[in-house]
Each structure stands twice: as structure tokens, then as C-alpha cells.
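Undergrad: The structure follows.
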Amino acid sequence: MKRLIAAAVPMRLRGRLRRLHPDHAIAARAFDGAFYLRTYPDVGQVGADPLDHFMTYGWREGRDPSPDFSVRTYLEAFPEVADSGVNPFIHWITNGRPRVVQTESPQGFRYDVIARLKPVGERMPVRIADVADPEVELAAALMTSRGRLIGLHVTVSHDDYSANLGGLQSAIQREAARLTTLGRDHLHLYPAKPWPVVRTAAEPEGLGVVWNGDAVGVFEPAAIVRALAAAAGSDASRRSFAIHSLLGHAADETADILAAAGLTKGVFWLHDFASLCAGFHLLRNDVQDCGAPPPDSAACNICVYGPWRGRHLAEHARLFARLDLTVAAPSQVTLDLWTASTDLPATGTAVLPHATLVAREPAPAIAPGRPLRVAYAGLPVAHKGWPIFRALASRFADDPRYEFHHLGARGDATLPAAFQAVSAGADRPLAMRDALQAAEIDAVLAWPLCRETFSFVAYEAVAAGCAVITGPDSGNVAAFVGESGHGRVLDETALAAAFESGDIADLSRARRTPMLYDLRYSALTLDLAATASA
């Protein structure tokens, strides 16, 4: 059965919401229901009408009603609206839809990020999630086994991959798809409430269970141990597991669950650097690459994540002590940083990219002389480099040499750039590549502030015939561009100078005559096992 973990719409209210909201018809003028369901899939899980949900709960939770309206940005621009308690979307529609200009601190966007930074302790879940019947629902689900759990594969991550979008979720979806073709069972475990850090044994939490693609419910970890021990049997020779993220999990609970299935040997994936620090992007105060200094470094004393780093190091040390883990990284630069920064006792290491390029054909010719089309691909968030793109687009908005485009699931109405709604998923994994190619984008600014372990955006951009512009601290992005020659690696000063002088126009399609590529995606742990056994 499907069980909603986020805020749900009570059944008794679903038929009354329109009566409770006289502004419903006003909001309907500009509300994008498809966008809302795509961006917040938990709403669709309970069968709620998207507009009803937004009017009742969504705007209060900071959920956006359309790609070109940001609740947070509007409330920041008009604090009197926030103080009044009025729905900002209704205020916007009924007041002439004013254009919101997002101002930046004179000290730069990093100052703004730090000013809004919340202590880690304030990000913790407010309460433990409700749990389901520990003896009935999970046991019943395990009885629907594809192969009597002989080929069981267990995955562990920070959320429900079947209900959320993102790179890590897509990775687990690919593992799940391969398991289906192999007729193997798949048990996925995630914390019922989002946690920004790993848990300890002293912090109880229910775990969500997805069984062969279907959400079963939320259970006590001990109940999962009992159910697995009763159902699994003694033959674990064909079973396997992969830990994709330990956020929200306690090390000993995880090891106990795996032991119940007879598992001690598996794979630990480096999708981020949570095994090195609670700041899993390795961004000091969310703005500056730190490179994982020694835990007693003075730099940790001035970082919001410093007091929590010891917790992550201790829990991961406990996990590695109890399990035989092969550490798998999606890029060599990620593995190199990890091995240089920790002494966790990995059984082995491996590098397996999430995707590789396969040449298709030359890109169609572009007539010289048109403006250089520069795009940002993805959500407009600071750690992915949105402020860098926003500054460029604003500075050169009236420069006839350039056109600025934004492609992603959610836009920013404050930016003078053409927006196109694009959302990739299991059914459309190449949606971003195809949109970039159709728009004939010359270059994509992929400028994460953090060290990306693997950047799908960079690979999608090159597959679409685009060049990639990135910074030197972008991890896999800078390594990919430097090794392949598909773009430029510049610091922020050089980036501004290249646009000012026009030298960046060397990245136009007309001058580069690029190739188009397909993307061959990895099934992650299953491909890793196949490679090891070959």
C-alpha cells in the first residue's frame, strides 16, 4: 500500500476545500497543476487535488504553484505580505502580478546564504513518524517475493526513491529496474522523516519500506529485523546490498537489518561525502569548498557543520567495522578525495560512472552570427551555482551578443532569461538532453559550489552538443571538462572577463561543430557485481 510520509490531505477535507477557499478560482488562473504534481509527488500519492492542496497546505510549506512563481522569493520581496498571512500567490495575481527583483547583498550572494543559514540542530525532525503494524504488513509484503528472497537485494538511502526526484533516486531506480528483469527481490529502506545527519542508536526513528517498487509502510527497525529473519532463510549466497546514503539511519540498526538477511559484504556508494562530514557537500557554511580538512582543524570550528562532524565519523566508523564494504565512486576524482581524507577500512574500491557518452552523429550546423545561447539546467539553488548564472544573466541581459536560458522543473520569475519547464524522470531520463538540443543551446553553465561526485547535467549538456562552463572547485564537472575538452574551467574573475571581452563566444556551436551523444546509464551495484565477476 502507498503511505504518505509528507503532509497529507485528510480524507474528510478533500471535498470541502473549495468551499473553504473562496480564492480558489483566482488561483486557478495561473496555477500549474501538472508542475505541482511533478515537483511534489507526495501530493499525488494521496490522491489530493493539486490546487486544493496548495491552497490549504502548500503555500504555507513553501511549495511553489508554478514554474515562474516562487513563494519564498515573493515573501522576501514583500515582507508585509508575509506579516499579513495572506497567500502570496493570490496577492500576486490580484495586485497586477508585480515583477519581483531579487536584490543581492553588497557583500555578494554568499553573505546572503550565510545570513539564512540554520543551525543543524534546527533542521532535525520535529517528531518521530508513526509506524505501521510490525507483525502484519511487512510479513505480508515479504510473502509476495519474486524468488523466495534467494536473490534479495537491499538498498539503503535517505528517502523513498519511488516518490522523489533526483540523481540518487534515479540511480536506485536503475538498480530496481535491473532487479525486475532478473526476477530478484528488492527491499529499500529509508528514514520516515527527513534527517540532515546520520542518527545514533539513542534516537529512535521509524523506517519506510519499499518492497519491489511498492511502498509498504513505516516500521520499527527491530520489526524489520524480525520479519527478515523469519522470511530470509539461511542461503545468502545470491543476496546483496548497497548503502547509497546513511542519512537518517543508525549504523548498528542498519548492520542488524542486513545481518538478519545473512548479509555482511556489500557496497557503499559515494554519492556525496557524508562519510567525511555532516556537511555532505563539503561546503563550509554552505558557501566555500573545504576539501575535508582534518577533524581537529580550526576551519571546522567556524563551520555550522563542525559540531556534527564527529557524529558522522563515529557512525560511519561503526558501520565499516561491522560490514565488509567495497567503496564505489561514480568518478575517480571523488574516490581520490575520499581515500585521501579518511582511514575507514574499505574492503576494496571501485570507480563506475553513472553514465557514459556514446557518439550518435554530428550536431546540425548553426549559422554564424547569432547570439551565444547560454543556459542553466536544473533547479535554481545556490549550491548548484544559480547565483553565478543569475549575475551573468542580469549583467548582460541587454547585450546583443548573448541569450540566456533556464531549463528546469522550477523557474525564477526575477531573472531576465527565457524559461522552459523540463523535468526528467524514470519515464523520460533524457528529457534535459533533448530540451537542450532542441533549444540549440551553445553552452551550459554548470557551476556547483561543491565538489560534485558526478554531474548528470554536465553529461546531458555534452550529449546535447553543448559546451560546459564550470569552476575549478566543481569536482567531477571540472575533471570531466578538463579531460574531455568539452568546455572551459574558469574562476569567477575569468568567467566575467570572458563574457565581457566576448572570448566566451569560442564555445558557440558554429565554431565548435560538436557531436551529439546518447547516454548509456549504469545499473550501479548490479553492473559493479557483473564487472567484478567477469
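Undergrad: Which order do peptides 257-265, 366-374 fall in by mean Cβ count within 10 Å, highest first?
TA: 257-265, 366-374
Undergrad: Continuing with this model, one more query. How high is the relative contact order of the range 192-270? Use alpha-carbon pairs under 8 Å, at least six apart in sequence, and give a whole percent.
TA: Computed over the range 192-270, the figure is 36 percent.
Undergrad: For the range 157-222, what is one quarter of the convex hull surface built on the Cα atoms, given in nm²?
TA: 4.8
Undergrad: Hey, could you get me the Stokes-Einstein D for the range 351-416, Kirkwood radius over alpha-carbon pairs, 25 °C and 0.890 mPa s, rounded to whole µm² s⁻¹?
TA: Rounded to a whole number, D works out at 171 µm²/s.
Undergrad: Quick one: what do you get for the range 179-304 if you divide its Cα Rg by 2.2 N^0.38 Å?
TA: Dividing the Cα Rg of the range 179-304 by 2.2 N^0.38 Å gives 1.24.
Undergrad: Residue by residue through the range 441-451, what is 3J(HN,Hα) from phi via Karplus (6.51 cos²θ - 1.76 cosθ + 1.60, θ = phi - 60°)? Round to whole Hz and write x for glycine and proline.
TA: Once θ is set to phi - 60°, the couplings for the range 441-451 become 5, 7, 9, 10, 7, 10, 10, x, 6, 9, 7 Hz.
Undergrad: Between S394 and A259, what is 0.36 nm times their sequence separation minus the Cα-Cα distance? Round to one decimal in nm.
TA: Here the answer is 43.1 nm.
Undergrad: In the chain, what % of DSSP beta bridges are antiparallel (nearest 5)?
TA: So the antiparallel bridges in the chain amount to around 35 percent.
Undergrad: By average Cβ neighbour count within 10 Å, what is the ranking of 349-355, 149-155, 214-220 from highest down?
TA: Answer by packing, highest mean first, reads 149-155, 214-220, 349-355.
Undergrad: Would you mind putting 432-439, 231-238 in packing order, based on average other-beta-carbon counts within 10 Å, highest first?
TA: Highest to lowest by the protection proxy: 432-439, 231-238.
Undergrad: Still on this model: Given a cut-off of 23 Å, what percent of all Cα-Cα pairs of the range 62-215 lie beyond it?
TA: 60
Undergrad: Give me the accessible area per residue for the range 204-247, probe 1.4 Å, as a whole number in Å².
TA: Heavy-atom accessible area per residue stands at 32 Å².
Undergrad: If you plug each phi of the range 514-523 into the Karplus form 6.51 cos²θ - 1.76 cosθ + 1.60 with θ = phi - 60°, what whole-Hz ³J(HN,Hα) values come out, in order, with x for Gly and Pro?
TA: Calculated HN-Hα couplings, in order: x, 8, 9, 9, 8, 10, 9, 8, 8, 8 Hz.
Undergrad: How large, in percent, is the carbon and sulfur part of the accessible surface of the chain at a probe radius of 1.4 Å?
TA: 54
Undergrad: Run through every distinct alpha carbon pair of the chain and return the Kirkwood hydrodynamic radius in angstroms, one decimal place.
TA: 24.8
Undergrad: Still on this structure: Using the alpha-carbon centroid of each, what span in Å lies between the range 458-514 and the range 363-431?
TA: Value for the Cα centre distance between the two parts: 14 Å.
Undergrad: Considering Cα pairs under 8 angstrom that are at least six residues apart, work out the relative contact order of the range 271-409 and quote it in whole percent.
TA: For the range 271-409, the relative contact order is 18 percent.
Undergrad: Evaluate the relative contact order of the chain (contact order divided by residue number), counting alpha-carbon pairs under 8 angstrom at least 6 apart; express in whole percent.
TA: Value for the chain: 12 percent.
Undergrad: Only helical DSSP H runs with n ≥ 4 go in: add -39500 (n - 2.57) per run for the chain, normalise by residue count and round the 222 nm mean residue ellipticity to 500 deg cm²/dmol.
TA: -9500 deg cm²/dmol, from helical runs alone.
Undergrad: Still on this structure, please answer the following. Could you bin all the Cα-Cα distances of the range 36-126 into 10 Å bins starting at 0 and give me the percent of pairs in each, rounded to whole numbers?
TA: Pair shares across the bins are 14, 37, 37, 12, 1.
Undergrad: Can you list residues whose amide H is under 5 Å from H186's amide H, if they're 5+ apart or on another chain and H is modeled 1.01 Å from N?
TA: Close amide H contacts, sequence-distant or interchain: H153, N212.
Undergrad: Which value, in Å³ per residue, describes the convex hull spanned by the Cα atoms of the range 344-477?
TA: In the range 344-477, the Cα convex hull volume per residue is 136 Å³.
Undergrad: From the phi of every residue in the range 71-76, what ³J(HN,Hα) in whole Hz does the Karplus formula 6.51 cos²θ - 1.76 cosθ + 1.60 yield, where θ is phi - 60° and glycine or proline is x?
TA: Running phi through 6.51 cos²θ - 1.76 cosθ + 1.60 with θ = phi - 60° gives 4, 5, 5, 5, 5, 5 Hz.
The values are calculated or read from the model by the stated rules, or taken from the named source; none is laboratory data. Predicted model, so just to flag it, every value in this text is computed and none were measured. No Cβ is skipped: glycine too gets one built from the backbone with ideal geometry, and neighbour counts run over all protein chains shown. Note: areas computed on protein heavy atoms with side chains; ligands, DNA, RNA excluded. Shrake-Rupley method; radii C 1.70, N 1.55, O 1.52, S 1.80 Å.
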